[in-house]
Amino acid sequence: MKKITILSGYIFLAMLTSCDNLLETTPYGQVTSQQYWRNGDDVVAAVNAVYSPLLEEDGFAHTEYTFDNCSDDMNRAGDHSDETALEMFTFDASNSHILATWKTKYEVISRANAVLINAPKVTMDETLRNRSMGEAYFLRGFVYWRLSLIYGEVPILLEDDALKLNFNKPKSTLAEVRAQAESDFQKAASLLPVSYSDGEAGRVTQGSAYGFLTKLYVYEEQWAKAIEASTKVTSNAAYKLATGFSQNFELATENNPEILFSLQYETGWTTDNSPTFYHTPQAFGGWGFHEPIADLVQEFEKGDTRKASSIFSPGDKVDRNELGTETFAGSMTRVTGYAFKKYTQFAENGDMSQSLNAPFLRTADVYLLAAEAKIRSGANGDAELNAVRKRAGLAAITNATMKNIMHERRVELAGENERHQDLMRWDKAGLIDIVAHYKINRGPHKPSRNFIKPKHYYFPLPQREVDLSNGVLIQNSNY
């Protein structure tokens, strides 16, 4: 069944107010019960509004993917100079994407705090209250998780800060930001349901929270905790792998049990600037940014069924419904000759569909994280790795190594905003040399680049926010 359409962001005026910077954050905790927070419907509507900024161009529809342009998987392909700077590691603190994603993420935090402040005061069904608060905790934790990956040290704004209008705060340490994300995910897991009816599909679940806890623990190298959290997903039939890999990227099956968290798009209800626009070639109605390079395409093993579902390659037959079958050609792309098929579906009339969701966590990712946690802690990760490989039509691997994990994550999650972060955490662990890795010339669409350690492990704070803080925010070192 199609996803819920509650995530469109139409909601009361106060909740739609967007803050340009931390100093201008609307004190949502001050909204009175006479104006809002009257009943359970109001709480649910407020929760829906927490999801909404994630769908925007500067949320996760486009800007988040520009940070993965840094990886060895894709070319920026677009004509935006700030994206060139990100890909080539020549960016500075004035980069527009670095500012845009900061503002959007703190808007999510502000809205989540409003729910957590007010939902406990409302007379409403207790089960619905718990679910609503679980969603708010999860979404706040998710944003703090992403902030920790992009910037490292950032201010932590919680309910008490909103009530006291205490928005101009110094940075917390990376450990503190990660601890906040962990706490939020744990609270979400304790409050959220395992699953929903079709009419509520798309809301976050216990599996969403445990999946991100698994990811956080792997990044923190807390292997036992990562394995324990992963089993909450991999052993639960509610989060089983889709029968076919392509089902995760098809309109009819995009909310299957494997999808632990995805951005829910719907034509006519959500923003027009969805990931489909930025990944779909111009010939098919998109804008053709974020194109895979040949090096990624060549990484797929012979017989790997994921390749045809992930990548448009020259010669592929493309079914455009009423427009018939079209042969894909390299000339249809801006730069590399390839495109991410994962983000393209067609409406019945043959136009590019604007309703395709964008997955941000799948059970397959959790399987591979569990396999990595086991291997890096001295155990055997074959079962989890081979569960993913089997679906792709590939032979099982015995006594898998981290080299196998690195390959599998690259092809399974191609274009899903994981590769650059994976490479950086493996470098920090001494498993690869990211400086040498990014020095490799991978052809005209991914030339040799100069990654500087530790400077480029994190992006700078937006200089505008630093300036507006009057000395409270301190810029990240090396910028």
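Table for the structure above
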{"read-out": "Heavy-atom accessible surface of the chain: percent carbon and sulfur, 1.4 Å", "value": "50 percent"}
{"read-out": "Computed E for Ala436/Tyr479 - FRET, C-beta separation, R0 25 angstrom, nearest 0.05", "value": "0.60"}
{"read-out": "Percent of Cα-Cα distances greater than 20 Å, calculated over segment 190-251", "value": "35 percent"}
{"read-out": "Set of aspartates and glutamates with alpha-carbon distance to Lys169 below 15 Å, sequence-local pairs under 8 removed", "value": "Glu24, Glu153, Glu159, Asp160, Asp161, Glu465, Asp467"}
{"read-out": "Long-range HN-HN contacts of Ile293 with modeled amide H, under 5 Å", "value": "Met74, Asn75"}
{"read-out": "Cα-centre dipole for segment 113-271 with unit charges at Cβ (Lys and Arg positive, Asp and Glu negative), debye to 20", "value": "300 debye"}
{"read-out": "Mean residue ellipticity (222 nm) of the chain, computed from DSSP H runs ≥ 4 via -39,500 (n - 2.57), nearest 500", "value": "-12500 deg cm²/dmol"}
{"read-out": "C-alpha center-to-center spacing [segment 115-175, segment 290-313] in angstrom", "value": "38 Å"}
{"read-out": "Charge dipole (the chain, unit charges on Cβ, about Cα centre) - positive-most of Gly40, Gly211, Ser469", "value": "Gly211"}
{"read-out": "Relative contact order of the chain, defined on C-alpha pairs under 8 angstrom at six or more residues apart (%)", "value": "19 percent"}
{"read-out": "Interchain or long-range residues, amide H under 5 Å from Leu260's placed H", "value": "Leu361, Arg362, Thr363"}
{"read-out": "Spin-label proximity, Lys169 to segment 145-162 - amide N less than 12 Å from point 7 Å beyond Cα toward beta carbon", "value": "154-162"}
{"read-out": "Residues whose placed amide H lies under 5 Å from that of Ala201, excluding near-sequence neighbours", "value": "Ile4"}
{"read-out": "Links that overshoot a 23 Å alpha carbon limit, given the list Lys187/Lys232; Lys105/Lys171; Lys105/Lys403; Lys374/Lys446", "value": "Lys105/Lys403; Lys374/Lys446"}
{"read-out": "Cα centre as origin, Lys/Arg/Asp/Glu Cβ charges: segment 331-408 dipole, Debye", "value": "200 debye"}
{"read-out": "Test item: Cα-centred dipole of the chain, Lys/Arg +1 and Asp/Glu -1 on Cβ, debye", "value": "1020 debye"}
{"read-out": "Selected from Phe289, Leu192, Ala358, residue furthest toward positive end of dipole (the chain; charges at beta carbon)", "value": "Leu192"}
{"read-out": "Listed peptides 94-102, 461-469 by packing density, highest first (mean Cβ within 10 Å)", "value": "94-102, 461-469"}
{"read-out": "Chain lengthening between Ser197 and Asp319 when straightened (0.36 nm per residue, less Cα-Cα)", "value": "40.8 nm"}
{"read-out": "The chain, accessible area per residue, ligands and nucleic acids excluded (1.4 Å, Å²)", "value": "36 Å²"}
{"read-out": "Cα gyration tensor shape of segment 231-312, rounded if a/c is under 1.5, else prolate or oblate by comparing a/b with b/c", "value": "oblate"}
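The values are calculated or read from the model by the stated rules, or taken from the named source; none is laboratory data. What you see is a predicted model, and the numbers here were worked out from it, not measured in a lab. When we count neighbours, we look across all protein chains shown, and the Cβ atoms used for this are built from the backbone with ideal geometry, even at glycine. Areas reflect the complete protein model, heavy atoms only, side chains present, ligands, DNA and RNA absent. Shrake-Rupley method; radii C 1.70, N 1.55, O 1.52, S 1.80 Å.
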